[in-house]
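Have a look at the structure below, then the notes.
The values are calculated or read from the model by the stated rules, or taken from the named source; none is laboratory data. Bear in mind the structure is a predicted one, so any value in this text is a computation, not a measurement. We place every Cβ from the backbone using ideal geometry, glycine too, and count neighbours over all the protein chains shown.
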Amino acid sequence: MTARRRLAFTLFGVLLGVVGTAGAHGAGLASASGRSLNVPTWLFLLTGGGVIGASFLLASFVTDRTFIRRIHGWRRTFSIPAIRVLTGIGRVVGIVGLLFVLVVGFVGPQESLYNAAILVVWAGWWSGYAMTTYLVGNTWPILNPWRSIAAVLPSLERPYPDRLDAWPSVVGLLALIWLEVVSPVADQPRFLAGIVAGYTVVTLAGAVVFGEETWFGTVDPVSRVFRYFGRVAPLYADDGISVRLPGAGLSEAKLVTSRAEVGFVVAVLWVTTYDGLVATPLWRRYAVTVVESGVPPNLLYAAALVVGYLVFLGIYRAAAKESKRRARTYVPVETLAHRFAPPLVAIAAGYHVAHFLGYFLELSPTLVGTLPSPLSPPEPVALVLPAWFGGLELSFVILGHLLAIWVAHAAAYDVFPGKLQAIRSQYPTTAAMVCYTIVSLWIVSQPYAVPPYVS
């Protein structure tokens, strides 16, 4: 059995074994703001794809290696006073936040918009904080409460099986997104607290068995997501705090070094797409038709997640193979797949901010209101966003793809000695990015529709 088939069966086993029926897509917290287009959808999507194609042509014919090295090599470093004190405070904040979510989730109000644990996890952490990891810098190694706790626990330091590589983090990420989409984890505070408690047990047990560095560096999906997102950000830690141009951290040659890590990068791109796809009217119509034909809802959502991931992975692998053929090079396909994978993180970041910025802003007043008195919160207050905000969200999708094109362009110039060879190698990956752009723009442009058969 091939590694891909083993991965697919493992994913189905994890996803179908967690619960027996589909739950909820966070309906209590979902943003109901739809977007409307004043131009035909087909014209809008083709225009977005055309912008990506035009940016590739512009980057290819008006830049040279010296200019690219100057851009990606620009750095400024500065020191921060009392960095150890700030690091210690950050670790305490992370642990207190974890305890807050557990306590308030179990004993606080059980209505989603009144429970601070629900709001902290989804509006505060997965939406607001996650955006800071690619817009500012990755502070998760400091704030990560599980890592702070694991650092003081004894470790068995058992050898981690090399054959597993990063595949457990792929399975973990897809399983977490599946829970977020179809379970009541965003609606039922006690269920959320139970999931967080279970995640805590598994994470700390893994860190004790394999060691803190191995677990959080290889297995833990959350740490890996934020680590990749941090490569998009302008700030990073390097003998102090250094500043670079956004996306420059994605061009490092050793950022992705294995097939499993390629699989994880593609998973990051796919899960942001999947999370929006299941909240579109088209998915709702499709799901109703399929379920009415006799397919169980939990099987449908799990199958869509796994099959969609394998399709995205297959498209990327095909693009890498075609890049080798177009470039007429002896560079292995795996090497090309490794070098052209990091730009996909920029696409995922652009789509994440497009998908969650409005959600974060709308719920921020409610989040702030519940924090001072989590056991007796005030009435929820939602921020109403202006009509033009939808256009701002769409622009983030385009910006993420433009950044991806630039990073891929820099990687190609680093791999190939000839300019024409470097340009030819990018044809297939640029075509794949255009397809990703059209899909992302279509999803973001759709009005929100509550996924069917979730409760």
Residue list for the stretch 390-421, restricted to those being at pLDDT below 85 and either hydroxyl-bearing (Ser, Thr, Tyr) or surrounded by fewer than 16 Cβ atoms within 10 Å (Cβ to Cβ) (or both): Gly391, Leu392, Ser395, Pro417, Gly418, Lys419, Leu420
How many residues of the stretch 226-243 are more than 17 Å from the chain's Cα centre (by Cα), closer than 18 Å to Thr87 by Cβ and not in a loop (DSSP other than H, G, I, E, B)? The answer is 5
Scanning the stretch 184-205 for residues that are of a type in the set (Phe, Trp, Tyr) and within 14 Å of Gly105 (Cα to Cα) gives Phe191
Residue identified as closer than 30 Å to Val278 by Cα, surrounded by fewer than 21 Cβ atoms within 10 Å (Cβ to Cβ) and over 19 Å from the mean Cα position of the chain (by Cα) among Arg190, Arg163: Arg190
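Quick one: would you say Trp283 is buried (at least 24 other Cβ atoms within 10 Å of the Cβ), of a type in the set (Phe, Trp, Tyr) and not in a loop (DSSP other than H, G, I, E, B)?
Details: buried (at least 24 other Cβ atoms within 10 Å of the Cβ): no; of a type in the set (Phe, Trp, Tyr): yes; not in a loop (DSSP other than H, G, I, E, B): yes.
Criteria not met by Trp283.
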Condition check: part of a helix (DSSP H, G or I), among the hydroxyl-bearing types (Ser, Thr, Tyr) and free of Cβ contacts under 8 Å to residues at least 40 places away in the same chain. Does Thr273 satisfy that? no
Looking only at the stretch 126-145, which residues are surrounded by 21 or more Cβ atoms within 10 Å (Cβ to Cβ) and small (Gly, Ala, Ser)? Ser127, Ala130
Scan the stretch 169-199 for residues that are closer than 23 Å to Tyr228 by Cβ and in contact (Cβ under 8 Å) with a residue 60 or more places away in the chain and report the count. 12
What number of residues within the stretch 124-180 satisfy the criterion of being closer than 20 Å to Val208 by Cα and among the small types (Gly, Ala, Ser)? 7
Listed by first then second residue, the pairs whose first member lies in the stretch 416-429 and is charged (D, E, K, R), whose partner is assigned to a helix (DSSP H, G or I) and surrounded by 21 or more Cβ atoms within 10 Å (Cβ to Cβ), with beta carbons under 6 Å and at least 6 positions apart or on separate chains, are Arg424/Ala327
Checking Ala260, Ala267, Ala237 in turn, the sole residue that is farther than 26 Å from Leu441 by Cβ and at pLDDT 95 or above turns out to be Ala260
Restricting the first residue to the stretch 374-390 and requiring it to be within 15 Å of Glu111 (Cβ to Cβ) and touching a residue at least 24 places away in the same chain (Cβ under 8 Å), which pairs with a second residue that is surrounded by 12 or more Cβ atoms within 10 Å (Cβ to Cβ) and of a type in the set (Phe, Trp, Tyr) meet a Cβ separation below 9 Å and a spacing of at least six or different chains? Pro374/Phe100; Pro377/Tyr114; Pro380/Tyr114
When the stretch 201-220 is checked residue by residue, the ones that are closer than 20 Å to Ile95 by Cβ and part of a helix (DSSP H, G or I) are Val201, Val202, Thr203, Leu204, Ala205, Gly206, Ala207, Val208, Glu212, Glu213, Trp215, Phe216
Filter the helices (runs of 4 or more DSSP H) completely within the stretch 292-376 down to those with at least 1 residues that are of a type in the set (Ser, Thr, Tyr) and crowded, with 23+ Cβ neighbours inside 10 Å. 297-327, 343-370
The lone exception for Pro246 - which of (1) within 19 Å of Ala130 (Cα to Cα); (2) outside any loop (DSSP other than H, G, I, E, B) it fails: (2)
How about the stretch 60-114: which of its residues are touching a strand residue (DSSP E or B) at 6+ places or on another chain (Cβ under 9 Å) and either among the aliphatic types (A, V, I, L, M) or buried (at least 16 other Cβ atoms within 10 Å of the Cβ) (or both)? Ile80, Ile83
When restricted to Ala117, Ala123, the only residue crowded, with 17+ Cβ neighbours inside 10 Å, touching a Phe, Trp or Tyr at 6+ places or on another chain (Cβ under 9 Å), at pLDDT 80 or above and more than 28 Å from Leu245 (Cα to Cα) is Ala117
